[in-house]
Every structure is written in structure tokens, then in C-alpha cells.
Amino acid sequence: MRHVISVLVENEFGVLARVAGLFSGRGFNIESLSVAETLDPTVSRLTLVTQGDDRVVEQIEKQLNKLICVIKVGDFTETSHVERELVLIKVKADDRTRGELANIVDVFRAKIIDVARESYVVEITGAEDKVNALIELLKPLGILEIVRTGKVAMYRGTRVLTVDEKDKERAA
């Protein structure tokens, strides 16, 4: 089963290496990874996607929580949440395919963000199914390159994954 896990970590040198090392040292694969600062510049949010049954993910969460740099861990898999990824796709474009390409992009509410003589760069943001469907339609036109950010996720409603006073005391 695929799990989307979000980890609040101290924003300091080597944190990403420690988290990645934990995964590789235990034979867990990270399918995608996205990291950025939160509203608090001393805290970063790391969102990763991994595969495993509930027992494996429970073990991952326990191991993550043992790391000093980890403040809080959340698994989005069985909760109401939204997830998105940003993808840039460079596609061959010529006089014959430009119109078709523009129509496909429009249907997916994607954007053409760069136009060159022989290619377009398309930007799409959305759920994995939407992104993959666009990629499949663009393949016959000739995809030259794809860059994906990895997923980011957030709980729906008022539930949040943030640092509270108890977390700050634990991290200190």
C-alpha cells in the first residue's frame, strides 16, 4: 500500500541525509520527496511517498520519531486530505502538432509556460491520476523531458500538522 507521510523537522544541515539514511538503512524506498521551509523558518516540512503495509509504515514512523531532528510525523493515507504535485513536461511541437497540443493542455487546465521553435514546456499541477493521464495523451506527440516535484499533502478541514508547545519542548 502506498503511504504519504509528512514529517516536521528542524531546519538544519544534514536533516535530509539522516531521514534518507534511515530509509535506505532499513531497506525502505522513497518514491517521491518534497522538502521546504514552513511558516516558521526553523522548521521544514518533508513530504514523502513510500510503499508498505501498515506494520512497515508503523515501523517507519517509530524510527523517524527516534531521530532528534524530527518534531512530528503524520501519515495521510487513511485521513481526509488533499495532495498535489507540480510537473513540467517538455513536448515536441511543430506546425502539425501545436494546435492539438494546445487543446490537450487546455482540457487538463494545464499551462504552456515556454514556447520554442521545436518544443513547448507544459506545467500541470494536480493529483497523480490527472498528471499521468496528461502524460499518456502527450506521449504520442513526443515527450522530450519530464520533471516532477513529488507530492505535497495537507489535511482537509481544521486538522493541521504543525508544531505546538509540547513539540517544541520535546525538540529542545
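The values are calculated or read from the model by the stated rules, or taken from the named source; none is laboratory data. Computed from a predicted model, the values in this text were never measured in an experiment. As a convention, Cβ positions derive from the backbone with ideal geometry for all residues, glycine included, and neighbour counts pool all protein chains shown. These area figures cover heavy atoms from the full protein model, side chains too; ligands, DNA and RNA do not enter into them. Shrake-Rupley method; radii C 1.70, N 1.55, O 1.52, S 1.80 Å.
The listed residues H3, H81 rank as H81, H3 when sorted by accessible area, largest first, using a 1.4 Å probe.
Counting only protein heavy atoms and a 1.4 Å probe, the chain has 59 square angstrom of accessible area per residue. For the stretch 33-109, the fraction of 1.4 Å probe accessible surface lying on carbon and sulfur atoms is 50 percent. Measuring nothing but alpha carbons in the stretch 67-128 and taking Rh as the Kirkwood radius, the Rg to Rh ratio lands at 1.25.
Shown here for the stretch 73-126: trypsin sites (Lys or Arg not before Pro) in loop regions (DSSP other than H, G, I, E, B) with at most 15 other Cβ atoms within 10 Å, namely R96, R109, R117.
Using C-alpha pairs below 8 Å separated by at least 6 residues, the relative contact order for the chain is 28 percent.
Each residue of the stretch 142-153 was assigned a 3J(HN,Hα) from its phi angle through the Karplus curve 6.51 cos²θ - 1.76 cosθ + 1.60 (θ = phi - 60°); the sequence is x, 6, 8, 6, 9, 10, 10, 7, x, 6, 10, 9 Hz, with glycine and proline shown as x.
As a calculated quantity, the FRET efficiency between D129 and N65 at R0 = 25 Å, using C-beta atoms, amounts to about 0.20. Between R117 and E78, the simple spin-label model (points 7 angstrom out along Cα→Cβ) gives 5.8 nm. The listed residues D95, D106, D54, D40 rank as D95, D106, D54, D40 when sorted by accessible area, largest first, using a 1.4 Å probe.
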